[in-house]
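> This structure is in structure tokens; I'll ask about it shortly.
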Amino acid sequence: MDKTGSTALITGASSGIGAAYAERLARRGYDLVLVARNHRRRDRLATHIPAQSSVEVEVIPADLTTVYGLSEIEARLRNDERIDLLGNNAGAIGLDALENPDLDEVDRIIRLNVTAVARLPGAVIPRFSAGSNKAIINVASAVALIPEVRLGIYGATKA
């Protein structure tokens, strides 16, 4: 596939839906900026994709649950004119029972599934609204509609 001249930044790009988006967008000619904490899976994907297509792949090892990690990606979205698609996919499931939660884990999941999901589009929308052919894909979960008690806070954060 010929390069499109477009670049997609994808969060949660080390596995699952994020990795699938990365592979499909690469096949469509998008250069990629892959954001994920899991360096082994992220780096394996970053090596695999260019071998299958003619796109460029950059990796950013950011943890979106931290102020520094989230700020780094917000700044990149605000300032990198090449990025014209945000794949907002990062998320985590907490398997702690609601009756005995690990409150630090609950806070981390809220920061990832709610705060990051809200802030990243907010960082890029002003730039995207000034142009055309820009897109944001926010990946959600059916658990938002049919919450399961065993998934703890996850259903609430996805709703």
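Derivation of every value follows stated rules applied to the coordinates shown; laboratory data play no part. Bear in mind the structure is a predicted one, so any value in this text is a computation, not a measurement. Reconstructed Cβ throughout: ideal geometry from the backbone, glycine too, with neighbour counts over all protein chains shown.
> In the range 4-81, which GluC sites (Glu not before Pro) are in a loop and have at most 11 other Cβ atoms within 10 Å, using DSSP for the loop call?
GLU81
> Follow-up. Convert each backbone phi in the range 30-42 into a coupling constant with the Karplus relation 6.51 cos²θ - 1.76 cosθ + 1.60 (shift: θ = phi - 60°), then list the ³J(HN,Hα) values in order as whole Hz, x for Gly and Pro.
Taking θ as phi minus 60°, the curve returns 7, 6, 10, 10, 9, 10, 6, 7, 6, 5, 5, 5, 4 Hz for the range 30-42.
> What number in nm² do you get for the chain if you take the convex hull of its Cα atoms and divide its surface by four? Each step should come with its number before you reach the end.
Numbers: hull surface 37.3 nm².
Computing the convex hull of the Cα atoms and averaging its projections yields 9.3 nm².
> Nearest 5 is fine: what % of DSSP beta bridges in the chain come out antiparallel, could you say?
Working: 0 of 17 bridges.
That works out to approximately 0 percent antiparallel.
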